[in-house]
Amino acid sequence: MHMMTRITLALGATAMLSACSGGLISSRERPDEFAVQRQAPLVVPPDFELVPPAPGAPRPAEGTAAQQALEALFPPQERSAVETSALDLMGEPETSIRSTVGDPNTYTVDKGTTTRTILVAPEGDGQAARATI
């Protein structure tokens with residue numbers, strides 16, 4: 001029995017080693033390290049449209065940092081004809097709109113206590129949610 005275990009282990013090791021013989025080490029294809037060339041570094045070409053500022057001229061980067069960031073992210077664009085006509089039809093907004101919202105003569109819709117309850121309800125994971133008809 002002891003001899004049978006040795007034979008089984010020897011056959012198993014031979015089978016595992018035969019899988020490693022996919023090719024000889026000298027027949028592998030590998031890159032030629034002498035054929036590799038260095039790339040020239042990228043060079044940014046000069047901008048010939050830049051002109052030096054005139055003495056006493058206002059600085060081109062005027063405004064706050066937030067304003068410059070908004071202009072960089074959202075550059076001003078021309079409005080379409082539809083958008084321009086819609087803005088013309090709306091007219092100018094009322095300047096005192098915030099003070100007239102709480103006026104008793106302002107028409108508002110009372111959504112009731114259910115809407116208020118939903119708005120002030122704490123957030124949950126929805127596990128206890130159920131629908132009733």
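The values are calculated or read from the model by the stated rules, or taken from the named source; none is laboratory data. Computed from a predicted model, the values in this text were never measured in an experiment. Ideal geometry is used to build each Cβ from the backbone, glycine not excepted, and the neighbour counts take in all protein chains shown.
Values for this structure:
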| read-out | value |
| --- | --- |
| 2 or more residues surrounded by 10 or more Cβ atoms within 10 Å (Cβ to Cβ), modelled with pLDDT under 85 and among the aromatic types (F, W, Y): qualifying helices (runs of 4 or more DSSP H) within the range 58-133 | none |
| Residue selected from the range 1-37 under the condition assigned to a helix (DSSP H, G or I) and hydroxyl-bearing (S, T, Y), by the criterion modelled with the lowest pLDDT | S26 |
| Near pairs, Cβ below 7 angstrom, 6+ apart or cross-chain, from the range 77-95 (touching a residue at least 24 places away in the same chain (Cβ under 8 Å)) to any residue that is outside any helix (DSSP H, G or I) | none |
